[in-house]
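Contents: one structure, followed by commentary.
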Amino acid sequence: MQEDVTKHYTVKPRETILTPEEWLTMFSQDRSPSKHTLRAYRKAVERFIDFMGRIDIDSASETEIRAYITALEQEGNRRVTIYQRLVPLKLYFKTLHASGDIEVDPFARIHYTPGKEEINRQSADSERRAIGKVEVKRLLSFNWATVETDEANRIRNKMIIALLVDTGRRVSDICRVLRDDINEQYILFEQTKSTNGQGKAPISHYTFDLIQKYISLQQDKKLNGRWKEGYLLAVNEDSIRIIVNYAVDALGLKKHRLNAHVIRHFVVTAMVQNGIDIKTISKITGMSPITLLSRYCHPSDEQIAQSHGKAGIIKELTKQI
């Protein structure tokens, strides 16, 4: 009798396969992404589900994914936008394949990259984020009395901007600060993957005075929610971004050039320009040295020329020529 050489696969029951929502929960616990990133990933998954017309997208084939990419292109989406929408799907199917939930990863032969457009975008980002001290100074000194009647809210808004500029931390880090973890010299941030394990950052007297004044005013209100749980701020990440954007608009500045996250770029760039070493900046801002160097340091053309002149390598080597 001829031996049957057909390969047989053990198919897992559908109810045991990791669903997109379960994967997002697991991703959130493992990676500690920002609220913004998690929301973007969820929307990308939901968009793919709408395209497929079924919830069980784990059975999607390479052909269907290529058809989805074509549909996104026909909608007029930029290449970098399509790439960003594919990232969470690629991670989801990679997880399914690694755990044995699916036999073949449909993304295995799909290599979709942002291309030159992404390079140009990164270059534009560097120019955009190389903001000046004048703009940040105006933001710090913004008169909230013109738009806020509540004194506690006015102090809160000034304090939020001061914390962002003083520490160079992410918005998500600022949201998680507990009142008991603040003294006149340091703030103890919650240590997560997003803070690179760096939980302690110094603060200035200016920021500490605002914190003290804010706490004093808020205690009279006897608030519930996050305040009752011990957090410094009773607002979420989106509220912080809205507060900063409001001041930026009121000052006549552009949000694409100055916002809550761009402040982080400004702080790191200023530290580098002032000669602070990378490891120290890493401890203050809570970011990894690699990320710091690759994404957050934006030297100007003048600084590059000056550094090149100071190095004087070719000058030294050609003295005797």
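No value in this document is a laboratory result; all are computed from the given coordinates. On a predicted model such as this, the values are computed, not experimentally measured, just so you know. Note that we place each Cβ from the backbone using ideal geometry, even for glycine, and neighbour counts take in every protein chain shown.
Points to keep in mind about this one:
- Each peptide among 76-88, 150-162 gets the average number of other Cβ atoms lying within 10 Å of its residues, and from highest to lowest they stand as 150-162, 76-88.
- Cross-link pairs LYS137/LYS310; LYS158/LYS221; LYS137/LYS221 - those with Cα-Cα distance over 23 Å: LYS137/LYS310; LYS137/LYS221
- Cross-link partners of LYS200 among aspartates and glutamates, defined as those whose alpha carbon lies under 18 angstrom from its own and excluding same-chain residues fewer than eight positions apart: ASP166, ASP173, ASP180, ASP181, GLU184, GLU190, ASP277.
- Cα-based shape type of the stretch 30-75, given that a ≥ b ≥ c are square roots of the gyration tensor eigenvalues and the cut on a/c is 1.5: prolate
- Packing here is the average count of other Cβ atoms within 10 Å per residue, and on that basis the peptides 210-217, 277-284, 264-271, highest first, run 264-271, 210-217, 277-284.
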